[in-house]
1. For region 20-46, enumerate the residues that are farther than 30 Å from residue 84 by Cβ and either assigned to a strand (DSSP E or B) or among the hydroxyl-bearing types (Ser, Thr, Tyr) (or both).
2. Among the residues in region 11-19, are any polar (S, T, N, Q) and part of a strand (DSSP E or B)?
3. Of all residues in region 9-27 being at pLDDT below 95 and touching a helix residue (DSSP H, G or I) at 6+ places or on another chain (Cβ under 8 Å), which is nearest to residue 66 (Cα to Cα)?
4. Of a type in the set (A, V, I, L, M), surrounded by 10 or more Cβ atoms within 10 Å (Cβ to Cβ), at pLDDT 95 or above and not in a strand (DSSP E or B): is that true of residue 49 in this structure?
5. Taking region 52-86 as the search range and keeping residues that are exposed (fewer than 10 other Cβ atoms within 10 Å of the Cβ) and of a type in the set (Asp, Glu), which one is farthest from residue 24 (Cα to Cα)?
6. Considering region 19-32 alone, what residues qualify as being crowded, with 16+ Cβ neighbours inside 10 Å and either in contact with a Cys (Cβ under 8 Å, 6 or more places away or on another chain) or of a type outside the set (Phe, Trp, Tyr) (or both)?
7. Based on what the data block shows, is residue 79 small (Gly, Ala, Ser), modelled with pLDDT of 95 or more, assigned to a helix (DSSP H, G or I) and more than 12 Å from the chain's Cα centre (by Cα)?
Amino acid sequence: MATKPAHKIRISNLSAVIWRNTSEKGNWYSIQLQRSYKNSDDEWRDTDLLGHDDLLTAAKVLDMAHTWTIQQLQADRKARNEAAAA
């Protein structure tokens with residue numbers, strides 16, 4: 001069974017898929033930037049290639065992904081500290 005992303009942020013045809021990774025030191029996060037498009041058979045596909053007109057939107061999506069991961073890391077740290085204190 002495939003693991004599910006921890007979170008996904010989407011603006012237009014660009015998305016940041018955020019994956020949670022765990023280790024003995026705690027969680028860490030990986031971000032995958034994708035652009036969706038329709039191929040010649042009218043089927044939806046994803047790519048990691050961007051055009052010049054995608055760059056500002058990609059910057060915004062990545063900024064939002066950064067904010068989300070920082071908040072998650074802080075929540076993870078707080079939960080770890082509370083578990084250790086109990």
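The values are calculated or read from the model by the stated rules, or taken from the named source; none is laboratory data. Only a predicted model underlies this, so the values are computations on that prediction, with no experimental measurement involved. So basically every Cβ, Gly included, is an ideal-geometry build from the backbone, and we count neighbours across all protein chains shown.
1. As a first pass, look at region 20-46 and keep what is farther than 30 Å from residue 84 by Cβ: 32-46.
If the condition is that a residue be farther than 30 Å from residue 84 by Cβ and either assigned to a strand (DSSP E or B) or among the hydroxyl-bearing types (Ser, Thr, Tyr) (or both), then 32, 33, 34, 35, 36, 37, 38, 40, 44, 45, 46 are the ones that fit.
2. Initially, region 11-19 is screened for residues polar (S, T, N, Q), giving 12-13, 15.
Still in the running and part of a strand (DSSP E or B): 15.
Scanning region 11-19, I find at least one residue that is polar (S, T, N, Q) and part of a strand (DSSP E or B), so the answer is yes.
3. The selected residue is 27.
4. Working: of a type in the set (A, V, I, L, M): yes; surrounded by 10 or more Cβ atoms within 10 Å (Cβ to Cβ): no; at pLDDT 95 or above: yes; not in a strand (DSSP E or B): yes.
Judged against the criteria, residue 49 is not a match.
5. Once the filter is applied, the top-ranked residue is 53.
6. Applying the first criterion (crowded, with 16+ Cβ neighbours inside 10 Å) to region 19-32 yields 20, 27, 29, 31.
Of everything in region 19-32, those that are crowded, with 16+ Cβ neighbours inside 10 Å and either in contact with a Cys (Cβ under 8 Å, 6 or more places away or on another chain) or of a type outside the set (Phe, Trp, Tyr) (or both) turn out to be 20, 27, 31.
7. Numbers: small (Gly, Ala, Ser): yes; modelled with pLDDT of 95 or more: no; assigned to a helix (DSSP H, G or I): yes; more than 12 Å from the chain's Cα centre (by Cα): yes.
For residue 79, the condition - small (Gly, Ala, Ser), modelled with pLDDT of 95 or more, assigned to a helix (DSSP H, G or I) and more than 12 Å from the chain's Cα centre (by Cα) - is not met.
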